[in-house]
Amino acid sequence: MAGSTLASPTVRAPAALPRARPFSPGREAWRRFRRHRLAVASVAILAAMVLAVLLGPLVWRVPINDIDFTARLSPPTWAHPFGTDDLGQDLLARMLYGGRISLAVGLAAMLVAIFVGVLVGAVAGISRGSVDAGLMWLTDLFLSLPPLPVLLLVIYLFRERLKEIAGPEVGVFLLIVVVIGGFRWMPVARLVRAQFFSLREKEFVEAARALGASTTRQVVRHILPNALGPVIVAGTIDVAAAIIAESTLSFLGLGFPPDIPTWGRLLYDAKDYLDFAPHWALFPGAAIFLAVLTINFIGDGLRDALDPRKVM
Amino acid sequence: MSRYLTRRLLIAIPSLLGISIVLFTVLALAPGDPFEELATNPNVPPEVRANLRLKFGLDDPIYLRYLHWLFAMLQGDWGFSFASRVNVDTLILQRLPTTLFVIGSSQVLALAIALPVGVYAATRPYSLFDQVANTLTFVGFSLPTFFTGLLFILVFSIQLDWLPFVYRADISATGWRWYWEHFRQAIMPVAVLGLFQGASWTRYVRSAVLDVIRLDHVTTARAKGLAERVVVLKHVVRNALIPVVTLVALQIPAVFGGAIVTEQIFRIPGIGSLLIASILNNDTPVVMAVTFVFACLVIVFNLMADLLYGWLDPRISYR
């Protein structure tokens, strides 16, 4: 039994595959990605959600703050497919609008995390000695900070000031993105550093060095592109984590203000009406769950697709 | 063993100092002044205000203020809560046991799910059980704790009316009834946290066991005729747990995040709900102290993980 464990579910017989022509790396990754059926289905579902959120408000033209007390807390009907809240506002319109922000926060926070993580990891990985040790101490320090309490602390202390400077919407958006991103870069930094350590001793980097490439060129042209595979996977998972983090903050009532109905905010408003209007909580909760689940599956598919050691 | 422990404790001190520096810097950089209300109050003359600022050292350079704050914290002077009019340390000590109880039991539950399911799935890779377990773990850690909490309340408290959805610290019953009531109200919060943790741990256990089960020493153990149960438990699981402990230790900070959310949903009187309440009340001393306590708890749990690591892996010498 030992040694007979297959490396992947799809390796049945290592029959001689007639390789007609070599695939480009991109096509090869796509071929591997397609094997992960749940990941492919997830791409379709997530794409549908993104399209709905982007184009939905153009089709479903009910204003998000149209108060109608005759339809208070109404369950799903034809007039309000997702029902209404305690002020009779249409939940479908609110979810479409809030979804834009929830997904945008996820993406933007991921970009912040990846940028900081790659920067710290690359600097630590290429410069040995005290710089590396110092940066890794910083990384470990951030890893041992409990993210949610510190997130709450920072938002508590800085929210008012940023609202004054950048306005309530942009200010809170920037703060949440920077803070969530600022607490998720550490795994990326460690990944990139580990990749740099192994890659910078490889022959092709040595060849570039022998040809007189500067350190910047070695890093940007040769090492970084080869270190990106795991970073892309980590980035995908980070989008899901950032969406959860934003929803958590909004759910605790400390994220976006009430007039910006992100999915977490909708849940926060809905939680006191669970017994009369469960639909109010169920739809946004299901949207968060679906977004996070599909992103996690896509991350899993990408891991299969981008890991060259995995036989598929 | 004791020397190993001392060394680990000594390593923890710089991390604690670093965390305290980070927290204090955040506080110092923040806009706003604790004496803002005094400044706008026309009844307080400017001299009194200046004297107060001098007394509390608000105009000192930042490193002096940090040292002042640090020594006060070390001496147990954690300040005074504006909102509830008691010392911060008494407030926190009142509420800490509840938080530790909920977090501790949920971790036990997570372990009780993750170990058997992960090991069983990894010993039969790509079987039906493995595939179902794999999909369920994805669902498990994609369901945010605040949504599972609401779902549980909806199903078990509102629809079925089996469990109470408000956690009460002051249950008047005595004897067995007291334990039973406590157990009943703890089920949902513990399950919410435990299922979320258990889902991600199951994946770690599965992949770690899969890595170990292919190694030669496992083949040897089988070849010498050991029962499959003994092979798995003694030769596979123990080795597989070493990377699992590392990954679990890395997850500990996230556990506290989940605990805050759960405490807020079920109104558990722990330090997580204290943190939210004091943020909403602008109660800065409590916010700072609770954040610091959370950071300390992370360090303590990491220390425990390190000790466990040393016990699992004798190659790490206790030096």
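Some values worked out for this structure:
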{"item": "Single match in B:VAL244, B:VAL287 (criterion: in contact (Cβ under 8 Å) with a residue 12 or more places away in the chain, within 8 Å of chain A (Cβ to nearest Cβ) and not acidic (Asp, Glu))", "result": "B:VAL287"}
{"item": "Number of the exception - A:VAL50 against (1) at pLDDT 85 or above; (2) out of contact with any helix residue (DSSP H, G or I) (no Cβ under 6 Å at 6 or more places or on another chain); (3) within 20 Å of A:VAL172 (Cα to Cα)", "result": "(3)"}
{"item": "Residues within the range B:201-221 that are more than 14 Å from B:VAL108 (Cα to Cα), of a type in the set (S, T, N, Q) and in contact (Cβ under 8 Å) with a residue 24 or more places away in the chain, tallied", "result": "1"}
{"item": "For B:LEU297: the one exception among (1) more than 8 Å from chain A (Cβ to nearest Cβ); (2) in a helix (DSSP H, G or I); (3) hydrophobic (A, V, I, L, M, F, W, C)", "result": "(1)"}
{"item": "Sole exception among (1) assigned to a helix (DSSP H, G or I); (2) over 20 Å from A:PHE183 (Cα atoms); (3) within 11 Å of another protein chain (Cβ to nearest Cβ) for B:ALA305, by number", "result": "(3)"}
{"item": "From A:ALA109, A:ALA104, A:ALA124, A:ALA133, residue being in contact with an Asp or Glu (Cβ under 7 Å, 6 or more places away or on another chain), among the small types (Gly, Ala, Ser) and not in a loop (DSSP other than H, G, I, E, B)", "result": "A:ALA124"}
{"item": "Selection count where residues are in contact with a Lys or Arg (Cβ under 6 Å, 6 or more places away or on another chain) and modelled with pLDDT under 75, scope the range B:132-162", "result": "0"}
{"item": "Qualifying residue in the range B:171-185 (condition: of a type in the set (A, V, I, L, M, F, W, C), within 17 Å of B:SER106 (Cα to Cα) and part of a helix (DSSP H, G or I))", "result": "yes"}
{"item": "Residue that is nearest to the other protein chains (Cβ to nearest Cβ), among those in the range A:257-312 that are among the hydroxyl-bearing types (Ser, Thr, Tyr) and more than 19 Å from B:GLY140 (Cα to Cα)", "result": "A:TYR268"}
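Yes or no, residue by residue, for (1) surrounded by fewer than 20 Cβ atoms within 10 Å (Cβ to Cβ); (2) farther than 30 Å from A:SER250 by Cα; (3) among the hydroxyl-bearing types (Ser, Thr, Tyr); (4) within 7 Å of chain A (Cβ to nearest Cβ):
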| position | (1), (2), (3), (4) |
| --- | --- |
| B:VAL102 | no, no, no, no |
| B:SER106 | no, no, yes, no |
| B:ALA110 | no, no, no, no |
| B:VAL117 | no, yes, no, no |
| B:VAL132 | yes, yes, no, no |
| B:VAL139 | yes, no, no, yes |
| B:PHE146 | no, no, no, yes |
| B:PHE152 | no, no, no, no |
| B:VAL155 | yes, no, no, no |
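The values are calculated or read from the model by the stated rules, or taken from the named source; none is laboratory data. Predicted model, so just to flag it, every value in this text is computed and none were measured. Note: ideal-geometry Cβ built from the backbone for every residue, glycine included; neighbour counts use all protein chains shown.
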